[in-house]
Amino acid sequence: MKAIDWLDRRFDAFVVGRVPDDGLPELNAALAAQMRPSRESRMLQLAHAALADVVRDLPPQIEAPPLLLALPEHHTTIAIEPARFLQRLALQAGPCFDLGNSIAAPRGRAAGVMAIKQALQRIESGQSKFVLVGGVDSLVDLHLLGTFDREDRVRGETVSDGFSPSEGAAFVLLGDADTTRAYGIPALANVSAAAIGQEPGHLYSDEPYLGEGLASAVSSAIDAAELPTQIASVFCTFNGERYWAREFGVARIRNAAAFADDAAMEHPAECFGDLGAAHGVALAALAAHGIARGYRRAPALVYASSDHADRAAAILDRAA
């Protein structure tokens, strides 16, 4: 996290998380000719960098899998059009995913975990052997920063109950255990279940905020997972705003028997800021790596809450 040249309405520098330019691939020449430097063009570069890491070592005999992509719920003066973004990403990153069967949803933090649920359904039904799930966002945008600043949501010298805007992309590849083994792909973790919920009293709603949406999603995921042991780790989209604590309190109380007394709470936003639509998938990836390498205990609850109504939860366990 570092201060940038842009100033808030109090003339203090915004402190944000920004990926170094030299860590990103160049924008495709055809796209550069038609797009000015913008939030969307930067998101294409962010997504390309992360997507390339996932598909680089896939066996060549695997057909390009479909992509379920989480996109921002907050827009600048020009909204990002999901279908067009996927088309541009296919041009930017190359033919590494099946564009015709891919979907992008502009629903913020929860969208990536929601996509995990949809990916499981595609795999279990035999519709796809593998599915890519991803998320990409950049909150380091002058229009967005100004909007959040007016709402007193950006952490700074005079705002402690706020978040640090950031940017990033995250992707994971999902497939059933038998197919994964057949292709010699090492599995990091098993996704036991995923579920979604809706919070009527969300951050931008006038309805009472009761935490029902997340509680419902967590309960459904726990029930579907049929856990043999209690949840030992929780990966959440806490971003520094006190608002988000209440709903987890409701979810934890409703499902108290499913949680170990010493369950660890992981909220990586304290390290890399709020990743927006990339946040949910990033948590799933961090949980999977932690479980696989033994420095995070399983089973793990991964959940994400969008600023609007969407809530989603998934249970990750050790790979079979």
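The values are calculated or read from the model by the stated rules, or taken from the named source; none is laboratory data. These numbers come from a predicted model, not from an experiment. Here the Cβ positions follow ideal geometry from the backbone for every residue, glycine too, while neighbour counts run over all protein chains shown. SASA here: full protein model, heavy atoms, side chains in, ligands and nucleic acids out. Shrake-Rupley method; radii C 1.70, N 1.55, O 1.52, S 1.80 Å.
Summary table below
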item: Helical contribution to [θ] at 222 nm, DSSP H n ≥ 4, -39,500 (n - 2.57), averaged over the chain, rounded to 500; result: -10000 deg cm²/dmol
item: With all protein chains modelled, accessible area of residue 18 [1.4 Å, Å²]; result: 110 Å²
item: Phi-based couplings in Hz for the stretch 248-259 (Karplus 6.51, -1.76, 1.60; Gly and Pro marked x); result: 5, x, 5, 5, 5, 5, 5, 10, 4, 5, 7, 9
item: Accessible-area value, residue 158, 1.4 Å probe, nucleic acids and ligands omitted, Å²; result: 90 Å²
item: Stokes-Einstein D in µm²/s, Kirkwood radius over Cα pairs - the stretch 56-156 at 4 °C with 1.567 mPa s viscosity; result: 86 µm²/s
item: DSSP bridge pairs, the chain: antiparallel proportion in percent, nearest 5; result: 60 percent
item: Nearest-10 value in Å² for the accessible area of residue 196, using the 1.4 Å probe; result: 80 Å²
item: Relative pair counts by distance (%), Cα atoms of the stretch 1-122, 10 Å bins; result: 11, 37, 36, 13, 3, 0
item: P(r) weight above 17 Å for the stretch 24-91, C-alpha pairs, percent; result: 46 percent
item: Label point distance in nm, residue 204-residue 81, each placed 7 Å from Cα along Cα→Cβ; result: 2.1 nm
item: Mean Cβ neighbour count within 10 Å, used as a protection proxy, ranking 142-155, 166-179, 303-316 highest first; result: 303-316, 166-179, 142-155
item: GNM top mover of 22, 262, 137 - the chain, alpha-carbon springs below 10 Å; result: 22
item: Calculated diffusion of the chain, Stokes-Einstein form, Kirkwood radius summed over Cα pairs, 10 °C and 1.306 mPa s, µm²/s; result: 80 µm²/s
item: Relative contact order %, the chain, counting alpha carbon pairs below 8 Å whose residues are six or more apart; result: 22 percent
item: Accessible area, probe 1.4 Å, largest first, for residues 271, 236; result: 271, 236
item: Cβ crowding within 10 Å averaged over residues, with 272-284, 59-71 ranked highest first; result: 272-284, 59-71
item: Where the chain is the region considered: accessible area per residue in Å², 1.4 Å probe; result: 45 Å²
item: Where Rh is the Kirkwood radius over Cα pairs, Rg/Rh for the stretch 150-266; result: 1.04
item: Portion, in percent, of the accessible area of the stretch 35-115 that falls on carbon or sulfur, probe 1.4 Å; result: 53 percent
